[in-house]
Amino acid sequence: MIKLFAFCFAALLPVLPASAQTPPAVGFKPLSEIAIYPQRDAPAQAVALNRTQLAAELSARVASTHAEPGEYVKKGQVLVRLDARDYQLALERAQAQLAAAQARLAQADAQLHRTRALRDQNFVSPEALTQRETEVEVVRADVAVAANAVDLARRNVDKCVLRAPYDAVVRTREASAGSLAGVGTLLMTLDDARKVEVSARVAPRDLDALRAARELAFVSPAGRQPLRIARVSPAIDDATRTHEVRAVFTGERAPSGAEGRLVWQDPAPHVPGELLVRRGPALGVFVVREGSARFMPLDGAQEGRPARTDLPADTRIAVDGRNSLVDGQSLK
């Protein structure tokens, strides 16, 4: 009897409309408070902008070497000496030939001057004067040829001493004292010690964020060095489907050959992955719009990963109770 009375009493109570029901317990926070800026990275390596293979320019025996692999060398420092005795003898022979040609030229000039004096006195014919002038020009040409031979011989002597073209690190040494070097024989390999860049492979989707990043760094076992972008290759590598990005050090340089990561912070705000909710096929967040909860899909969002958003910083986003919300649900 009592149960029947309670049922009848309940049936007489008015049914409240949905708008008058208790609003859901949902907590909202501005995007500016919850946004994160994920750190991005890509594989990278410090590479020398210049790598020189020091080779012999003439045939000679190696007399001595003056640098070892891993050694730092200064620009102009002697690295390899070749036996220059044969080329020194050739230089002395060329110098002697030049001296002889210069002596003949001096004699021919003197004879030309005497002939001109005699011609003024009508003691010799014009043909004789022309012959003397021709002899002088021929001997002068011989002097020029001999001078060129001296220069060539001197250059060959100079080529027997190989020097560092720039401040460098010796990567390999193939030369050994006593070995015979032919033209083109590799003697040493050098890496430029001052012009070092970072080469990184970056996916196309990350290029915009990389270009907009305020800070860029190369992180390797050698430490963390700040960078700035020098250039981005427009070509996409067939194997890795990435762009090559070259960056230069703005402070301390990492040694060439160091492997690490190109690291930057994405400048665009991201919603933390744990705040994303799924409605139908889309992932997104609930925001407040005119007193109601509105579902905002986020393009490219993935489960459990921060999602980039273009929402204003003051947008209120559901933090607590978000999973129970329905698009358009009143929050009043």
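General remarks:
- Selected residue (only one of ALA110, ALA96, ALA117 is outside the structural domain of LEU311 (by TED's automatic domain parsing), outside any strand (DSSP E or B) and either among the β-branched types (Val, Ile, Thr) or modelled with pLDDT of 95 or more (or both)): ALA96
- Residues that are assigned to a strand (DSSP E or B), over 35 Å from the mean Cα position of the chain (by Cα) and not acidic (Asp, Glu), drawn from region 291-323: SER292, ALA293, ARG294, PHE295, MET296, PRO297, ARG316, ILE317, ALA318, VAL319
- Matching residues in region 196-223 - criterion: being surrounded by fewer than 17 Cβ atoms within 10 Å (Cβ to Cβ) and either within 30 Å of ALA67 (Cα to Cα) or touching a residue at least 40 places away in the same chain (Cβ under 8 Å) (or both): SER199, ALA203, ALA212, ARG214, GLU215, VAL219, PRO221, ALA222, GLY223
- Search result, residues across region 154-195 that are under 23 Å from TYR87 (Cα atoms), surrounded by 16 or more Cβ atoms within 10 Å (Cβ to Cβ) and among the small types (Gly, Ala, Ser): ALA164, ALA175, ALA181
- ARG40, sole failed condition from (1) assigned to a strand (DSSP E or B); (2) more than 30 Å from VAL232 (Cα to Cα); (3) touching an Asp or Glu at 6+ places or on another chain (Cβ under 9 Å); (4) among the charged types (D, E, K, R): (2)
- Test: ASP151 is part of a helix (DSSP H, G or I), under 30 Å from VAL80 (Cα atoms) and either touching a Cys at 6+ places or on another chain (Cβ under 7 Å) or acidic (Asp, Glu) (or both): yes
- Summed over region 43-60, the residues that are outside any loop (DSSP other than H, G, I, E, B) and either within 20 Å of ALA247 (Cβ to Cβ) or in contact with a helix residue (DSSP H, G or I) (Cβ under 6 Å, 6 or more places away or on another chain) (or both) give a count of 7.
- Residue check, GLN121 surrounded by fewer than 14 Cβ atoms within 10 Å (Cβ to Cβ), free of Cβ contacts under 8 Å to residues at least 40 places away in the same chain and polar (S, T, N, Q): yes
- Against the conditions (1) under 25 Å from ALA175 (Cα atoms); (2) without any contact (Cβ under 8 Å) to a residue 40 or more places away in the chain; (3) part of a loop (DSSP other than H, G, I, E, B), ASP86 satisfies every one except (3).
- Sub-6 Å Cβ pairs linking a first residue in region 174-193 that is over 13 Å from LEU79 (Cβ atoms) to a second residue that is among the basic types (Lys, Arg) and assigned to a strand (DSSP E or B), at least 6 apart or interchain, are LEU180/ARG61; ASP191/ARG51; ASP191/ARG171, ordered by first then second residue.
- When SER199 is tested against the conditions (1) farther than 18 Å from LEU262 by Cα; (2) modelled with pLDDT of 95 or more, the lone failure is (1).
- Qualifying residue in region 65-78 (condition: under 17 Å from ASN156 (Cα atoms) and either surrounded by 13 or more Cβ atoms within 10 Å (Cβ to Cβ) or outside the structural domain of GLN131 (by TED's automatic domain parsing) (or both)): yes
- Note on region 235-268: residues that are buried (at least 19 other Cβ atoms within 10 Å of the Cβ) and outside any strand (DSSP E or B) total 5.
The values are calculated or read from the model by the stated rules, or taken from the named source; none is laboratory data. Everything quoted here is computed from the prediction, not taken from an experiment. Reconstructed Cβ throughout: ideal geometry from the backbone, glycine too, with neighbour counts over all protein chains shown.
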